[in-house]
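*Asks:* Before we start, here is the structure in question, set down as structure tokens.
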Amino acid sequence: MKKVSLGLSKDRPDGSLDVARLRSRFPIFSRPIRGKRLVYLDSAASCQKPDTVLDTIDRFYREDYSNIHRGVHFLSERATVAFEGGRKKVADYIGAKNHREIVFLRGATEAINLVASSWGDQEISARDEILISEMEHHSNIVPWQMLARRKGARIKILPVDDAGDLRLDMLPDLLNDRTRLVALAHVSNALGTVNDLDSVIDEAHQRGVPVLVDAAQSFAHHPVDVSALDCDFLVASAHKAYGPTGTGFLWARSEILQSMPPYQGGGNMIRSVTFDGTLFDDPPWRFEAGTPDIGGVIGFGAALDFITQIGRESICAHEERLLTSAVDQLMQVDGLTLIGTPRRRASAISFTLDGIHPHDAGTVMDHEGVAVRVGHHCAQPLMERFGVPATIRASFGCYNDEDDIEDLLKAITRTKEMLG
């Protein structure tokens, strides 16, 4: 195994990241884009992968590959230990009391669908209400709409203000004796708003209402601890935390998981099967039908090792400095409008350029080697709230630095010269 270069400088009293060393751990940054240095500002969509993650996955498939749980031979035992070790790493990372509270799925989207289909189908009835916010990703809107349509329930919306912060003053009036669930993003994928979940969860729990937290955007960029949050469900994806795609998880309180029926049927989630009936396994395996993404989970564990070795606090502080600097400099650009100016921000900044469609801007920036996300970011209701069809979004990871911000500004200038 390669020795990990942590990207920390002992000579720096603030413990800041040595980004040049960190970037060297990501093979993709050695590749020029259209003859220019890659400036990757799309980590909110998906993070790049460090060599330790790539090497771990490669080594698994080359040296240790086997199916898990059902084999007694050497390779199966090694693969099972590594896979279940990934479960424990996720549990430790989010402060879960028991690794059996972690259910592996394809990502945060499938995790929300699992809750809606399993927990929701037995807990939501006609005229019940589910509260979500105006800033949610479609993944935290559509599954609840589908559930509400099946059950005759109602979706209620917690608005955001002009700055992009939740209207928490409206929360008490939106919660009532028909509210059965509150489902909110920890961090907005479109605006970067860090939501005050403590207030929301406390208010909901006072009324006996469980809370689901979509941590897809916060998981790699902001402290996430289910014990401290005191939430009831939490979901996240590996690929937004320097891990592989196709892997994510649901965390839920043990007593809730025990009460939930299976989401899908198949192998690996049963204790016994006869033609007269089936006895299902305990959580989490009850919800993991079929052969899972074994290599993905093992790679996910390697990604969490990578983040932990660098230090979540160091990554968070580094990205906060970059965000502050980027916002300050973008505000000085003529014809640029920031979409949302929340009190607390993590990971992402959205903006528009006067008279220039975001898709055209993104195309020009790409030719300058700058990768940004353009579009509605799977948050169309939020775009409608701010009166824009789409935005340009720049989002950061541990591998970004001030040079990337400088190149972003140069790309914006070039875009205005060509299209403005």
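*Asks:* Collect the residues in region 167-199 that are buried (at least 21 other Cβ atoms within 10 Å of the Cβ) and assigned to a helix (DSSP H, G or I), keeping them in residue-number order.
*Replies:* Result: LEU197, single match.
*Asks:* VAL333: modelled with pLDDT of 95 or more and either within 16 Å of VAL39 (Cβ to Cβ) or buried (at least 21 other Cβ atoms within 10 Å of the Cβ) (or both), yes or no?
*Replies:* Against the criterion (modelled with pLDDT of 95 or more and either within 16 Å of VAL39 (Cβ to Cβ) or buried (at least 21 other Cβ atoms within 10 Å of the Cβ) (or both)), VAL333 does not qualify.
*Asks:* Identify, by number, the condition in (1) within 30 Å of SER118 (Cα to Cα); (2) more than 18 Å from the chain's Cα centre (by Cα); (3) modelled with pLDDT of 95 or more that ASP281 doesn't meet.
*Replies:* Against the list (1) within 30 Å of SER118 (Cα to Cα); (2) more than 18 Å from the chain's Cα centre (by Cα); (3) modelled with pLDDT of 95 or more, ASP281 comes up short only on (3).
*Asks:* Quick one: ARG87 ticks every box in (1) basic (Lys, Arg); (2) surrounded by fewer than 16 Cβ atoms within 10 Å (Cβ to Cβ); (3) more than 30 Å from ARG393 (Cα to Cα) bar one, so which box is it?
*Replies:* It fails just one condition, (2).
*Asks:* Considering each residue of region 127-160, count those that are under 25 Å from SER218 (Cα atoms), without any contact (Cβ under 8 Å) to a residue 12 or more places away in the chain and surrounded by fewer than 16 Cβ atoms within 10 Å (Cβ to Cβ), and give that number.
*Replies:* 1
*Asks:* Which condition number in (1) over 28 Å from the mean Cα position of the chain (by Cα); (2) in a loop (DSSP other than H, G, I, E, B) is the one that ARG271 fails?
*Replies:* Failed condition: (2).
*Asks:* Can you list residue pairs whose Cβ atoms sit under 7 Å apart, with the first residue in region 161-184 being over 16 Å from PRO381 (Cβ atoms) and the second being assigned to a helix (DSSP H, G or I) and charged (D, E, K, R)? Count only pairs 6 or more apart in sequence or on different chains.
*Replies:* From region 161-184, the pairs are LEU171/GLU203; PRO172/GLU203; LEU175/GLU203; ARG180/GLU123.
*Asks:* Of all residues in region 336-359 being part of a loop (DSSP other than H, G, I, E, B) and among the polar types (S, T, N, Q), which is surrounded by the fewest Cβ atoms within 10 Å (Cβ to Cβ)?
*Replies:* Taking the candidates together, the pick is THR341.
*Asks:* Is it the case that GLU136 is of a type in the set (D, E, K, R) and farther than 20 Å from ALA346 by Cα?
*Replies:* Spelling it out, it is not the case that GLU136 is of a type in the set (D, E, K, R) and farther than 20 Å from ALA346 by Cα.
*Asks:* How about region 47-143: which helices (runs of 4 or more DSSP H) wholly inside it have at least 2 residues that are more than 22 Å from TYR263 (Cβ to Cβ)?
*Replies:* The qualifying helices (runs of 4 or more DSSP H) are 51-59, 74-93.
*Asks:* Would you point out the residue of region 382-395, among those that are outside any strand (DSSP E or B) and touching a strand residue (DSSP E or B) at 6+ places or on another chain (Cβ under 8 Å), that is farthest from ASP366 (Cα to Cα)?
*Replies:* ARG385
*Asks:* A further question on this structure: Has region 26-35 got any residue that is among the small types (Gly, Ala, Ser) and closer than 30 Å to GLY375 by Cβ?
*Replies:* Yes, region 26-35 contains a residue that is among the small types (Gly, Ala, Ser) and closer than 30 Å to GLY375 by Cβ.
*Asks:* Another question about this same structure. Name every residue in region 208-228 that is closer than 15 Å to ALA183 by Cβ and assigned to a loop (DSSP other than H, G, I, E, B), in order of residue number.
*Replies:* VAL209, PRO210, ALA215, ALA216, GLN217, SER218 - these are the residues of region 208-228 that are closer than 15 Å to ALA183 by Cβ and assigned to a loop (DSSP other than H, G, I, E, B).
*Asks:* Do you know which of the residues in region 361-392 that are charged (D, E, K, R) and in contact (Cβ under 8 Å) with a residue 40 or more places away in the chain is surrounded by the fewest Cβ atoms within 10 Å (Cβ to Cβ)?
*Replies:* The extreme case among them is ASP366.
The values are calculated or read from the model by the stated rules, or taken from the named source; none is laboratory data. From a predicted model like this one, the values you see are computed outputs, not experimental measurements. Note that each Cβ is placed from the backbone with ideal geometry, even for glycine, and that neighbours are counted across all protein chains shown.
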